[in-house]
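Structure below; questions to follow.
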């Protein structure tokens, strides 16, 4: 149901996406008809990306291997698919920007994401789950759905974060679904699938962010999600500070204790493991230019947690701590607010622009900066092309004024590098050089340069050229502002449209998808299964003796039981499954890429979950049970009608055999097949 919502989010044009080389690779590999050589050539056009892939390839190598020194060797070692996925992930990090959601801490997001990636890679090795490099990718992109919602709905998402924060993930997911008809776990899973990453990645990311259970699992798919949950705890410990809330520190302490127990490590071994992860995290932070600081040792984290618990034991709460901090820092808060207003006023002043001046000659650079500042602009400087490249991504200048001839990265190569990115593509680039011949000018414009000034430049001429660039930058600002306004309007209209559509496809009592939606989804999944040859199965679910609940306790109690059962069904199924209410006390679970045999395991897990739960309401303190029928496409059914009929008949067999059980259509005695009369919407199956 949320796939349609995601498609509408894509139309906003604001979703985070790979750019530059990452987008080139994404386009190249949209189909399987591509060669590793083509992909390798694309990666090698970006030296930073090449270095990062080689670093991860060598960190994943086992003893006896010589270090990989080329992309071709990395592809041979990791596999072309994994290298492709790494290139996409790294290019997304390279394209990061501050964003416009006022309550979202973008710097913390990337620091925590990198910490989760490093921790997941290390956990993969010691738990022997999946490949370390794949765990790194999943860890790095694990919360990309939150970044997406902050990008598409910056104002509304800020309101949600300011009201709920991120310390209660379950509450945050509920608020997201209420506001946007989709939550960040679902958005993240859809983005992974949309980029062509393995389905197991999407399932792991979707499950990891929608559950906090950190119990070990033997199931491979759930094992990856659990591994990410383990890594999340380690990442949260890496980014903890003395300013973290007392509640979050106390929760972190409990989760670290659970993690240590699950990993079956003693205190000394866990300390060494954590400190090793932090060391790698800091090293990767330098490589990806993510602010990790110097890292924190587990001993320091433990001291913060112990101190927080002592304060809690003394009756102090976060509200008290915040009140004290507010009193102490009230003047600073006012000053900061004034500064922010001043900065906002400057940003809105179309006569003031950000200009990056680049030259390896210190005297020439100082002279250029002085001239530009006299014109009233915000000027940043960089000594050389490589420093300029980092500064451009940090400051996002409107105009770059660069010397051509520089030893580390010349002006034209700097321009080419910027033009490969979405942010750099819109910067006005002016190059200065002693060369004035026709061939040099053509080379400059072919590299993406907007204007060309010969040196030594006459100050009046140089300033006139820059004013020309400012006019272009001002137009770009207006276009970007108009575009963002349009995107916001499209996004808001999309939310309204989705809510109206969701109303028509949602059961109002249980808030599950209704029968209309179930039948549409069933046909769609069946068609996809037929085209791809993949398995597809369904589970028909019926609450046992539900009529007696209504008769003995009233319909209001019956409604409460239905809602409680619906919530349990949602928790018990996998991230890739979907449960719908199709009438009365009946539900339907749709299971993609699942054989009848595997689907029966899902059904049994659902049955046990409901059986073990006690519904506690005034006058009603007991459990309910389910009868479930499973049928799969591997049973040779010609269409969805016969598939549903087989699952429905299996439910009757389950009831005839004593209820509270799962029956498979393929295991039914031949004489029972086709003999039952389905009663899907009457709610009277138990009375029959």
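Name the helices (runs of 4 or more DSSP H) wholly within region 478-597 that hold at least 1 residues that are under 26 Å from the mean Cα position of the chain (by Cα) and not assigned by TED's automatic domain parsing to the domain that holds residue 202?
515-532, 555-572
Before we move on, is residue 448 in contact with a strand residue (DSSP E or B) (Cβ under 9 Å, 6 or more places away or on another chain) and surrounded by 20 or more Cβ atoms within 10 Å (Cβ to Cβ)?
For residue 448, the condition - in contact with a strand residue (DSSP E or B) (Cβ under 9 Å, 6 or more places away or on another chain) and surrounded by 20 or more Cβ atoms within 10 Å (Cβ to Cβ) - is not met.
If you don't mind, there's one more thing I want to ask. Give 14, 48 a once-over and let me know the one that is under 24 Å from the mean Cα position of the chain (by Cα), buried (at least 20 other Cβ atoms within 10 Å of the Cβ) and modelled with pLDDT of 70 or more.
The match here is 14.
Residue under question is residue 473, and the condition is that it be in contact with a helix residue (DSSP H, G or I) (Cβ under 7 Å, 6 or more places away or on another chain), surrounded by 15 or more Cβ atoms within 10 Å (Cβ to Cβ), in a helix (DSSP H, G or I) and at pLDDT 85 or above; does it hold?
Values: in contact with a helix residue (DSSP H, G or I) (Cβ under 7 Å, 6 or more places away or on another chain): no; surrounded by 15 or more Cβ atoms within 10 Å (Cβ to Cβ): yes; in a helix (DSSP H, G or I): yes; at pLDDT 85 or above: yes.
For residue 473, the condition - in contact with a helix residue (DSSP H, G or I) (Cβ under 7 Å, 6 or more places away or on another chain), surrounded by 15 or more Cβ atoms within 10 Å (Cβ to Cβ), in a helix (DSSP H, G or I) and at pLDDT 85 or above - is not met.
Separate question: Against the definition (surrounded by fewer than 22 Cβ atoms within 10 Å (Cβ to Cβ), within 23 Å of residue 515 (Cβ to Cβ), touching a residue at least 40 places away in the same chain (Cβ under 8 Å) and out of contact with any helix residue (DSSP H, G or I) (no Cβ under 6 Å at 6 or more places or on another chain)), how does residue 655 come out, yes or no?
Here the answer is yes, as residue 655 does meet what is asked.
Return yes when residue 459 is under 21 Å from residue 385 (Cβ atoms), in contact (Cβ under 8 Å) with a residue 12 or more places away in the chain and surrounded by fewer than 17 Cβ atoms within 10 Å (Cβ to Cβ) and no when it is not.
No, not satisfied.
Condition (residue is closer than 20 Å to residue 538 by Cα, assigned to a helix (DSSP H, G or I) and modelled with pLDDT of 90 or more) applied to region 669-688: is it met by at least one residue?
Scanning region 669-688, I find no residue that is closer than 20 Å to residue 538 by Cα, assigned to a helix (DSSP H, G or I) and modelled with pLDDT of 90 or more, so the answer is no.
Follow-up. Take the residues in region 399-410 that are under 36 Å from the mean Cα position of the chain (by Cα) and modelled with pLDDT of 90 or more, then tell me which one is surrounded by the most Cβ atoms within 10 Å (Cβ to Cβ).
Out of the qualifying residues, it is 400.
Out of 639, 634, I need the residue that is more than 23 Å from residue 551 (Cα to Cα), surrounded by fewer than 15 Cβ atoms within 10 Å (Cβ to Cβ) and assigned by TED's automatic domain parsing to the domain that holds residue 567. Which one?
Only one candidate passes the filter, namely 639.
I need the full set of residues from region 604-621 which are closer than 28 Å to residue 574 by Cβ and assigned to a strand (DSSP E or B), in order please.
Residues satisfying the conditions are 615, 616.
Return the residues of region 279-329 that are closer than 21 Å to residue 94 by Cα, in contact with a helix residue (DSSP H, G or I) (Cβ under 7 Å, 6 or more places away or on another chain), assigned to a helix (DSSP H, G or I) and at pLDDT 85 or above; say none if nothing qualifies.
280, 281, 284, 285
Being more than 30 Å from residue 486 (Cα to Cα), touching a helix residue (DSSP H, G or I) at 6+ places or on another chain (Cβ under 9 Å), at pLDDT 70 or above and in a helix (DSSP H, G or I) narrows it down to one residue among 68, 57, 89; which is it? So that I can check it myself, show each step before the final result.
On the way: 68 fails: in a helix (DSSP H, G or I); 89 fails: more than 30 Å from residue 486 (Cα to Cα).
Within the list 68, 57, 89, the selection yields 57.
The values are calculated or read from the model by the stated rules, or taken from the named source; none is laboratory data. Because the structure is a prediction, the values reported are computed rather than measured. Here the Cβ is made from the backbone with ideal geometry for all residues, glycine too, and neighbour counts use every protein chain on show.
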